[in-house]
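Accompanying notes for the structure given below.
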Amino acid sequence: MSKSFERVVIVGSGCAGLSAAIYTARAQLNPWVIQGKMPGGLLTQTTDVENFPGFPENVQGIDLMDRMRKQAEKFAVRFENAELVRVERTKENSNHLFLSNGHELRAQALIIATGSHHNFLGLEGEHNLMGKGLSVCATCDGFFYRNEDVCVIGGGDSACEEALYLSRICKKVYLIHRRDCLRASKIMSERVCSNDRIEVIWNSIPQGFECDEHGFLKALNVIHKETQSVQKVVCRGIFLAIGWKPNTEVFKGFVELETDGYIKQGRIPVETSLPGVFAAGDCTDKKYRQACVAASMGIQAALEAESWLLHH
Ligand code: NAP
């Protein structure tokens, strides 16, 4: 597909991207989806999704994304297994995309659905510990820590979800939170606080890691915010769940971004600062961050792109 000229290109293949793909394909716009680093998006790393309407018996994140992809394929959506490395606006107001596999595309309408990635603590040695005790995904890595003591850091729904998942396979889970109440929804907080295998360590901030002679994690030191006392939490695994950053680096200077990197929304949430360029899901939505909201934004972006193409 080198240098092909397309009506719609969708960047990202999570909930927002695939929903946009299904709608634009059904509107006969013959979309391309640039899959990105993680085909299927972050939902492929989740276990039980119990709040996506239509699945009273729960659905596994990976299965949900697999079904969305099959649905997109049914309408002949085309997938490119590559990442977007650069994008430019042309004089004719189309969008020139440069992909990691060397292909180039021109798109009349563009839908950005690149999602977000996990935050890190910023502590010394953090990145070297990835795979040696530090993880951002309990469902991916939890198995390596079965019957061990582990920590989860954070106080939101993600942290609770990770802690609950790990409580089923690990000996003990310490949930380390920097305040004295959880940010998570009431239902998740209650599940965590009533779980015998989870101990919440309140008002505590991670300070540093202790490792063995092979560089594997041995313990986490946390400092109590009020007393300043340091507690050593002996554990083999630490799971970070401290929020997200949008994957929008590649769009800097192309569309307007907020100071925290989220794509700036226009008159309606899926509009960007550029006509014919739309954004959907976690790259632009910092408030809801729900699979179903991302899917809905993907659909809105698809309908807006269709209408924009009709008038231009
Ligand atoms: P979040 O709500 O932003 O929570 C991040 C947590 O990490 C907060 O408790 C925050 O503490 C803490 N934190 C941030 N930076 C930290 C640092 N440097 N050191 C220590 N702690 C730090 O993120 P999230 O839990 O990933 O949730 C994001 C959104 O997705 C939310 O809207 C959530 O409802 C949604 N979500 C929903 C589900 C579900 O419905 N099943 C599952 C997962 C996520 P403070 O509280 O002090 O700020």
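Going by the conditions given, is residue 152 touching a Phe, Trp or Tyr at 6+ places or on another chain (Cβ under 7 Å), modelled with pLDDT of 95 or more, crowded, with 21+ Cβ neighbours inside 10 Å and not acidic (Asp, Glu)?
So residue 152 passes the test.
Within the stretch 174-228, which residues are under 23 Å from the mean Cα position of the chain (by Cα) and over 19 Å from residue 242 (Cβ atoms)?
Across the stretch 174-228, the qualifying residues are 186, 187.
Filter the stretch 164-189 for residues that are in a helix (DSSP H, G or I) and free of Cβ contacts under 8 Å to residues at least 40 places away in the same chain; which is nearest to the ligand (Cβ to nearest atom)?
The first filter runs over the stretch 164-189 and keeps only residues in a helix (DSSP H, G or I), leaving 164-167, 186-189.
When the remaining residues are screened for being free of Cβ contacts under 8 Å to residues at least 40 places away in the same chain, the result is 164, 167, 186-189.
Working: 164: 10, 167: 16, 186: 11, 187: 9, 188: 7, 189: 11 Å.
Among them, the one singled out is 188.
Hey, can you tell me all the residues within the stretch 86-137 that are in contact with a Gly (Cβ under 6 Å, 6 or more places away or on another chain) and either of a type in the set (Asp, Glu) or assigned to a strand (DSSP E or B) (or both)?
109
Working only within the stretch 240-275, note down all residues that are on the phi > 0 side of the Ramachandran plot and more than 16 Å from the ligand (Cβ to nearest atom). Explain how you work it out, then say what you get.
Of the residues in the stretch 240-275, the ones on the phi > 0 side of the Ramachandran plot are 243, 253, 261.
Scanning the stretch 240-275 gives a single hit, 253.
Might you check whether a residue that is within 11 Å of the ligand (Cβ to nearest atom) and over 24 Å from residue 289 (Cβ atoms) occurs anywhere in the stretch 135-150?
no
Being within 15 Å of the ligand (Cβ to nearest atom), closer than 30 Å to residue 181 by Cβ and without any contact (Cβ under 8 Å) to a residue 12 or more places away in the chain, is that true of even one residue in the stretch 276-292? Explain how you work it out, then say what you get.
In the first step, residues of the stretch 276-292 are kept if they are within 15 Å of the ligand (Cβ to nearest atom); the result is 281-292.
Then keep just the ones that are closer than 30 Å to residue 181 by Cβ; that gives 281-292.
Now narrow it down to the ones that are without any contact (Cβ under 8 Å) to a residue 12 or more places away in the chain: 287-288.
Yes, that holds for at least one residue.
Being in a helix (DSSP H, G or I), of a type in the set (Ser, Thr, Tyr) and surrounded by fewer than 24 Cβ atoms within 10 Å (Cβ to Cβ) is the filter here; which residues of the stretch 24-46 pass it?
44
Look at the stretch 81-120 and say how many of its residues are in contact with a strand residue (DSSP E or B) (Cβ under 6 Å, 6 or more places away or on another chain), within 14 Å of residue 36 (Cα to Cα) and without any contact (Cβ under 8 Å) to a residue 60 or more places away in the chain.
Number of matching residues: 3.
Looking at 105, 97, can you tell me which residue is under 21 Å from residue 24 (Cα atoms), at pLDDT 95 or above and within 23 Å of the chain's Cα centre (by Cα)?
97 is the lone residue from the list that is under 21 Å from residue 24 (Cα atoms), at pLDDT 95 or above and within 23 Å of the chain's Cα centre (by Cα).
The values are calculated or read from the model by the stated rules, or taken from the named source; none is laboratory data. If you're wondering where the values come from, they're calculated on a predicted model, not measured in any experiment. When we count neighbours, we look across all protein chains shown, and the Cβ atoms used for this are built from the backbone with ideal geometry, even at glycine.
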